[in-house]
Amino acid sequence: MTVDFHLGAAALAERVRAGDISAADLSEAYLARVAVLDPRLNAFTELTAERARAEARLVDAQLQVGKDPGPLAGVPFAVKNLMDIQGFSTLAGSRINRDHPPADADATLIQRLRAAGAVLFGALNMGEYAYDFTGENIHYGPSRNPHDPERMPGGSSGGSGTAVGAGMVPLALGSDTNGSIRVPASLCGIFGLKPTFGGLSRAGSFPFCASLDHLGPFGRATRDLALAFDAMQGPDPLDPVCSSAVPMPVGGELERGAEGLRIAVLGEYFEQGAVPEALAAVTRVADALAVTRRVNLPEPARARAAAYVITASEAANLHRERLRSRPGDFDPAVRDRLLAAALMPGHWYLQAQRFRRWYHRAVLKVFEEVDVLIAPATPCTAPAIGQQTMLIGDTEVLVRPNLGLYTQPISFAGLPVVVAPIRDVSQLPMGVQLIAAPGQEAHALRVSTALEAAGVAAAWPVPGV
């Protein structure tokens, strides 16, 4: 079987399980593609090729004796380099972490994907310490957008977006504190899932802001996200936030589509500053779903401001000793923001957390009336690598913080979100956020599935070799 690199994880696993292709041959095809594309796109910081070959052989051996290797049988995947891979130092996009000892075990989510039959290909590039929306890294070079290598893939999970968007792996993991799964998914033309806060274990990952950090998958179809999410769910005593999480399988819900769901478009704040293509993507989704209702979130701009305060405060505290001992080894843009945050009064942080509790309660009231909200994922398509400013409405603003304009108020409330890439609205990828109430990932995934069935949402074609 010739490998079609446009296919997603679910479709490839079906072919492996059916015996149409061996896991070993599938891995070799993807390793060959990485060898050709990655020197240009710079998605990987570590390629675990021999480990991948051994894991693929194990999948084939299980199939040969009639044993089920799992729902992701033979599927190549890679992870943002803030997740522990046994035998390697966890870089978190930094120079300083190169000196850390190798991890003695894989991160929990890697272990769970491996138990589902997936095959680990390695670690992916990212913004330093995840404090980034661009996908640029001064230590390891920028990851590049697979649909225009002169443009950003988004960040901080830039390598993850690039790898899946380019068809170097059909599945990847990233992290999302303020938008770092959703921004790359939008700019790279793929699907991404930021789960409910605490819904997936973060054990074995290097933190950015512990009270806002999420881990989640990228894929080439909604079903990929559902398969990966179901495989990774479950409580983990190693992550206190996830220690009592109750698995809520979503795979069986997809066929229901959007039927019976109350859906609305987010207005006001989520319309201001967006380029016409972003608004066109939302309109196309609303039209496909026959949605006419519009609602507003309470105080989204203040939520974004409070998210900045909490993110910066926790990150500055985490890196305090590194800032003292090795300031010259930071990206200056990251270092300077952390130093500034270290000087913020403590009561700012406390007040931001108080506001967060109020905001969470107020957002839940919105979900008493609706099940899924639609909003742009990014205010624009991918800026050029190195671009410093862009227009939000008529105002020139910095690129790095403002790519998360529409994502930060959502993760601040810990809501689950699917980003779906919308077809035929722009020359470069543009995604929408499908936002649900906490614990209701299935609602967002069902709407994404309906958009695929209607021909409105689809991953952008992978680039030719």
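The values are calculated or read from the model by the stated rules, or taken from the named source; none is laboratory data. Here the structure is a predicted model, which means the values were calculated and not measured. Methodologically, a virtual Cβ is constructed for each residue, glycine included, from the backbone with ideal geometry; neighbour enumeration extends over all protein chains shown.
Return only the number of the condition from (1) over 30 Å from Arg322 (Cβ atoms); (2) part of a loop (DSSP other than H, G, I, E, B) that Met344 does not satisfy.
It fails just one condition, (1).
Please go through segment 324-340 and pick out each residue that is small (Gly, Ala, Ser) and in contact (Cβ under 8 Å) with a residue 60 or more places away in the chain.
Ala333
Would it be correct to say that Ala450 is part of a strand (DSSP E or B), small (Gly, Ala, Ser) and touching a residue at least 40 places away in the same chain (Cβ under 8 Å)?
Answer is no for this residue.
What pairs can you find where one residue is in segment 419-439 and at negative phi and modelled with pLDDT under 95, the other is part of a loop (DSSP other than H, G, I, E, B) and among the aliphatic types (A, V, I, L, M), and their Cβ atoms are less than 8 Å apart, with a gap of 6+ or different chains?
Close Cβ pairs satisfying both conditions: Arg423/Val456; Arg423/Ala458.
Is at least one residue of segment 201-217 in contact with a Cys (Cβ under 9 Å, 6 or more places away or on another chain), over 16 Å from Trp460 (Cα atoms) and surrounded by 24 or more Cβ atoms within 10 Å (Cβ to Cβ)?
yes
Taking the stated definitions as given, is Phe133 surrounded by fewer than 24 Cβ atoms within 10 Å (Cβ to Cβ) and touching a Pro at 6+ places or on another chain (Cβ under 8 Å)?
No.
Consider Ala305 carefully, then state whether it is hydrophobic (A, V, I, L, M, F, W, C) and either crowded, with 18+ Cβ neighbours inside 10 Å or outside any helix (DSSP H, G or I) (or both).
No; evaluated as a whole, the condition is false for this residue.
Could you list, in sequence order, the residues of segment 422-452 that are surrounded by fewer than 24 Cβ atoms within 10 Å (Cβ to Cβ), within 12 Å of Val285 (Cα to Cα) and not β-branched (Val, Ile, Thr)?
Arg423, Asp424, Glu452 - these are the residues of segment 422-452 that are surrounded by fewer than 24 Cβ atoms within 10 Å (Cβ to Cβ), within 12 Å of Val285 (Cα to Cα) and not β-branched (Val, Ile, Thr).
Would you check if Pro195 is surrounded by fewer than 24 Cβ atoms within 10 Å (Cβ to Cβ), under 30 Å from Leu350 (Cα atoms) and either in contact with a Cys (Cβ under 9 Å, 6 or more places away or on another chain) or touching a residue at least 60 places away in the same chain (Cβ under 8 Å) (or both)?
no
Being within 11 Å of the chain's Cα centre (by Cα), over 18 Å from Met390 (Cα atoms) and part of a loop (DSSP other than H, G, I, E, B): is that true of Ser160 here?
No, not satisfied.
Taking the conditions exactly as written (in contact (Cβ under 8 Å) with a residue 24 or more places away in the chain, charged (D, E, K, R) and within 18 Å of Tyr129 (Cβ to Cβ)), does Glu321 satisfy them or not?
In short, no.
Taking the condition surrounded by 22 or more Cβ atoms within 10 Å (Cβ to Cβ) and of a type in the set (Val, Ile, Thr), does Val399 pass?
No: the conditions fail for Val399.
Which of (1) surrounded by fewer than 20 Cβ atoms within 10 Å (Cβ to Cβ); (2) without any contact (Cβ under 8 Å) to a residue 40 or more places away in the chain is the odd one out, the single condition Ala384 does not satisfy?
Unmet for Ala384, out of (1) surrounded by fewer than 20 Cβ atoms within 10 Å (Cβ to Cβ); (2) without any contact (Cβ under 8 Å) to a residue 40 or more places away in the chain: (2).
So in segment 211-262, with the set limited to residues that are of a type in the set (Lys, Arg) and in contact with a Leu (Cβ under 9 Å, 6 or more places away or on another chain), which one is nearest to Ala436 (Cα to Cα)?
For segment 211-262, the residue satisfying everything is Arg223.
Got at least one residue in segment 73-93 being assigned to a helix (DSSP H, G or I) and either among the aromatic types (Phe, Trp, Tyr) or more than 28 Å from Leu200 (Cα to Cα) (or both)?
no
If you go through segment 171-188, how many residues are over 23 Å from Arg114 (Cβ atoms), polar (S, T, N, Q) and touching an Asp or Glu at 6+ places or on another chain (Cβ under 9 Å)?
So the count comes out to 2.
Considering each of Pro416, Pro376 in turn, give the residue that is closer than 18 Å to Arg304 by Cβ and either surrounded by 24 or more Cβ atoms within 10 Å (Cβ to Cβ) or within 19 Å of the chain's Cα centre (by Cα) (or both).
None of the others qualify; the one that does is Pro376.
How many residues are in a helix (DSSP H, G or I) and surrounded by fewer than 23 Cβ atoms within 10 Å (Cβ to Cβ) when one looks only at segment 10-26?
Qualifying residue count for the region: 7.
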